[in-house]
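For reference, the structure is listed below as structure tokens.
The values are calculated or read from the model by the stated rules, or taken from the named source; none is laboratory data. No experiment lies behind these values; they were computed from the predicted model shown. Glycine gets a Cβ as well: all are built from the backbone with ideal geometry, and neighbour counts include every protein chain shown. For the accessible areas, the whole protein counts, side chains as well, though only heavy atoms, and no ligand, DNA or RNA atoms are used. Shrake-Rupley method; radii C 1.70, N 1.55, O 1.52, S 1.80 Å.
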Amino acid sequence: QVIKCKAAVLWEANKPFSIEEVEVAPPKQHEVRIKIMATGICRSDDHVITGALVMPFPIIIGHEAAGVVESVGQGVTSIKPGDKVIPLFVPQCGECKSCLNPKGNICSKTDLDTPAGLMPDGTSRFTCKGKAIHHFLGTSTFTEYTVVHESAVAKIDSAAPLEKVCLIGCGFSTGYGAALQTAKVKPGSTCAIFGLGGVGLSVVIGCKAAGASRIIAVDINSAKFAKAKELGATDCINPKDFNKPIQKVLMEMTGEGVDYSFEVIGHTDTMTAALACCQRNYGVSVIVGVPPAAQKITFDPMLLFTGRSWKGSVFGGWKSKDAIPKLVADYMKKKFVLDPLITHTLPWTKINEGFDLLRTGK
């Protein structure tokens, strides 16, 4: 059965969302149709609107959500209608090189590299005004109903509050995992986090959980410092308060630089600053923010020659299908908090207002 429902469609770049009636086709073989109950707004979604993350239009974006399975296609055995689930923008097929390698998490089935904006079979499940609408990262959550591949959905605890655990679909897991999985922060270490949005704050939570003794939060918006301290930051600094490069400030604060640094903004200048502020011989710097399209980094290779490690982290390094149910279980056991990451709750028809709040740092 085709479902008619409302969705926030982006017809072109740099324009607001248009709330439209769309038709959502039934799930095909190995696909799952989900009723979306809650979705978060992530900066990566905004990158699609501005063109920093290049995607085909028209498109339904959104990738951080939780919902309830409405129906399943032929051959789906792991999930049934009524299950509470989180869609996965990084799938886990269990068969490709990354899935089979214990260190890997970027499944070859992901639509990150050369985005087609379609389901694995090369077609779309969304139609609006007679036109096919593209999918986003295999999830498309800014709609009342979506269709995802079986490899891109995780079943979670039926008691989990969907309006909170939707954040485990991207923001929280990405930051928390960057600290615990990618950097593997050690107890007693010193960390610096550039950018204190939802993902940056989740890195703070991860560094604290790992036992870091000093957590330095860096942002040009000082209004974000109180929340960073509440979640575990020991120092907060605003680059605007200094007339020297922020990496010099951090070097002076720590003696030889931090053990771990995290860039959670997606700017090339802060990526090189984060690399430069970590200890020259054994420091580890992790790029968590999505790099802008068509920009290159120029840096002094001596920064790496002395022994620093520069790493990237997508979805916190977690193998999605395996990790999400465990992270939700940890949340239910109160091993970490999500409430401080939720600033506003809006009816989803006010999605444009939500993006305005994101862009103004609120």
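Among the numbered criteria (1) small (Gly, Ala, Ser); (2) within 14 Å of Ala154 (Cα to Cα); (3) surrounded by fewer than 17 Cβ atoms within 10 Å (Cβ to Cβ), which one does Ser18 miss?
Here Ser18 clears every test but (2).
Please state which one of Pro239, Pro187 is modelled with pLDDT of 95 or more, out of contact with any Phe, Trp or Tyr (no Cβ under 8 Å at 6 or more places or on another chain), over 25 Å from Ser44 (Cα atoms) and open to solvent by 30 Å² or more (accessible area, probe 1.4 Å). So that I can check it myself, show each step before the final result.
Working: Pro239 fails: over 25 Å from Ser44 (Cα atoms).
When all the criteria are applied, what remains is Pro187.
Being under 10 Å from Thr146 (Cα atoms), open to solvent by less than 70 Å² (accessible area, probe 1.4 Å) and assigned to a strand (DSSP E or B) is the filter here; which residues of the stretch 24-47 pass it? Steps first, answer last, please.
Residues of the stretch 24-47 under 10 Å from Thr146 (Cα atoms): 24-27, 32-36.
From what's left, open to solvent by less than 70 Å² (accessible area, probe 1.4 Å): 24-27, 32-34, 36.
Once the filter is applied, which keeps residues that are under 10 Å from Thr146 (Cα atoms), open to solvent by less than 70 Å² (accessible area, probe 1.4 Å) and assigned to a strand (DSSP E or B), the stretch 24-47 yields Val24, Val32, Arg33, Ile34, Ile36.
For the structure I just gave you, tell me whether Thr254 is touching a residue at least 60 places away in the same chain (Cβ under 8 Å), farther than 19 Å from Gly361 by Cβ and of a type in the set (Ser, Thr, Tyr). Break it down into steps so the answer makes sense when it comes.
On the way: touching a residue at least 60 places away in the same chain (Cβ under 8 Å): yes; farther than 19 Å from Gly361 by Cβ: yes; of a type in the set (Ser, Thr, Tyr): yes.
Yes; evaluated as a whole, the condition is true for this residue.
May I ask you to verify whether Thr268 is open to solvent by 20 Å² or more (accessible area, probe 1.4 Å), farther than 30 Å from Gly188 by Cβ, touching a Ser or Thr at 6+ places or on another chain (Cβ under 9 Å) and of a type in the set (S, T, N, Q)?
Numbers: open to solvent by 20 Å² or more (accessible area, probe 1.4 Å): yes; farther than 30 Å from Gly188 by Cβ: yes; touching a Ser or Thr at 6+ places or on another chain (Cβ under 9 Å): yes; of a type in the set (S, T, N, Q): yes.
Considered against the rule, which asks whether it is open to solvent by 20 Å² or more (accessible area, probe 1.4 Å), farther than 30 Å from Gly188 by Cβ, touching a Ser or Thr at 6+ places or on another chain (Cβ under 9 Å) and of a type in the set (S, T, N, Q), Thr268 comes out as yes.
Looking at (1) in contact with a helix residue (DSSP H, G or I) (Cβ under 9 Å, 6 or more places away or on another chain); (2) surrounded by fewer than 20 Cβ atoms within 10 Å (Cβ to Cβ); (3) at pLDDT 95 or above, which one does Asp322 not meet, given that it meets all the others?
(1)
Of everything in the stretch 194-236, what is over 18 Å from Ala274 (Cβ atoms) and either touching a residue at least 40 places away in the same chain (Cβ under 8 Å) or surrounded by 23 or more Cβ atoms within 10 Å (Cβ to Cβ) (or both)? Give them in sequence order.
Selection gives Gly198, Ile205, Ala209, Ala223, Lys227, Glu230, Leu231.
Residues of the stretch 273-297 being within 21 Å of the chain's Cα centre (by Cα) and surrounded by fewer than 22 Cβ atoms within 10 Å (Cβ to Cβ), which ones?
Val290, Pro291, Pro292, Ala293, Ala294, Gln295
If we keep just the residues of the stretch 338-351 that are in a loop (DSSP other than H, G, I, E, B) and within 17 Å of the chain's Cα centre (by Cα), which is surrounded by the fewest Cβ atoms within 10 Å (Cβ to Cβ)? So that I can check it myself, show each step before the final result.
At the first step, the residues of the stretch 338-351 found to be in a loop (DSSP other than H, G, I, E, B) are 338, 342-347.
Now narrow it down to the ones that are within 17 Å of the chain's Cα centre (by Cα): 338, 342-343.
Working: Leu338: 19, Ile342: 14, Thr343: 12.
So, considering only residues that are in a loop (DSSP other than H, G, I, E, B) and within 17 Å of the chain's Cα centre (by Cα), the one surrounded by the fewest Cβ atoms within 10 Å (Cβ to Cβ) is Thr343.
Let me spell it out: the conditions are (1) open to solvent by 80 Å² or more (accessible area, probe 1.4 Å); (2) touching a residue at least 12 places away in the same chain (Cβ under 8 Å), and Thr360 meets all of them except one. Which number is the exception?
It is condition (2) that Thr360 fails.
Consider the stretch 58-79. How many of its residues are surrounded by fewer than 16 Cβ atoms within 10 Å (Cβ to Cβ) and touching a strand residue (DSSP E or B) at 6+ places or on another chain (Cβ under 6 Å)?
Kept after step one, since they are surrounded by fewer than 16 Cβ atoms within 10 Å (Cβ to Cβ), are these residues of the stretch 58-79: 68, 74-75, 77-78.
Then drop every residue that is not touching a strand residue (DSSP E or B) at 6+ places or on another chain (Cβ under 6 Å), which leaves 68.
Count: 1.
Looking at the stretch 199-315, what helices (runs of 4 or more DSSP H) fall wholly within it and have at least 2 residues that are out of contact with any strand residue (DSSP E or B) (no Cβ under 8 Å at 6 or more places or on another chain), assigned by the TED database to the domain that holds Asp113 and of a type in the set (Gly, Ala, Ser)?
Numbers: elements: 225-230, 246-254, 268-276, 302-305.
It comes to none.
Could you tell me which of the residues Ile297, Ile237, Ile287, Ile246 is touching a Ser or Thr at 6+ places or on another chain (Cβ under 6 Å) and among the β-branched types (Val, Ile, Thr)? Steps first, answer last, please.
On the way: Ile237 fails: touching a Ser or Thr at 6+ places or on another chain (Cβ under 6 Å); Ile287 fails: touching a Ser or Thr at 6+ places or on another chain (Cβ under 6 Å); Ile246 fails: touching a Ser or Thr at 6+ places or on another chain (Cβ under 6 Å).
Result of the check over Ile297, Ile237, Ile287, Ile246: Ile297.
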